[in-house]
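The values are calculated or read from the model by the stated rules, or taken from the named source; none is laboratory data. Values in this document were obtained by computation on a predicted structure and should not be read as measured data. As a convention, Cβ positions derive from the backbone with ideal geometry for all residues, glycine included, and neighbour counts pool all protein chains shown. With ligands, DNA and RNA removed, areas are computed over all heavy atoms of the protein, side chains included. Shrake-Rupley method; radii C 1.70, N 1.55, O 1.52, S 1.80 Å.
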Amino acid sequence: MAHDRTLLAAQLRALGLGSGREVMVHASLRRLGPVAGGAGGLIEAVMDAIGPSGTMLMMVAANDDEPFDRLTTPADPENGA
């Protein structure tokens, strides 16, 4: 059974991650288990918890041989999503 976005957001709030907060996310989806919507579902749950005034930071690994483009550069599969 996949983790639900609404439940994940509620669990994050219960841990103290509330509206307007700043959070650095470095998560292993393999350790978390199935999430409805995959990596996007987890990102949406975090955004639900921190709201529009919050800030989410994430690590992005890219190939050093090519310029990083936030719209087209894929995430490194060894880093999770």
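If we keep just the residues of the range 20-34 that are modelled with pLDDT of 90 or more and open to solvent by 90 Å² or more (accessible area, probe 1.4 Å), which is farthest from MET56 (Cα to Cα)?
Here the answer is ARG21.
Anything in the range 35-63 that is open to solvent by 50 Å² or more (accessible area, probe 1.4 Å) and more than 20 Å from HIS3 (Cβ to Cβ)? List them, or say none.
PRO52, SER53, THR55, LEU57, MET59, VAL60, ASN63
Hey, could you check the range 52-81 for residues that are in contact with a helix residue (DSSP H, G or I) (Cβ under 6 Å, 6 or more places away or on another chain) and in a loop (DSSP other than H, G, I, E, B) and say which is modelled with the lowest pLDDT?
ALA81
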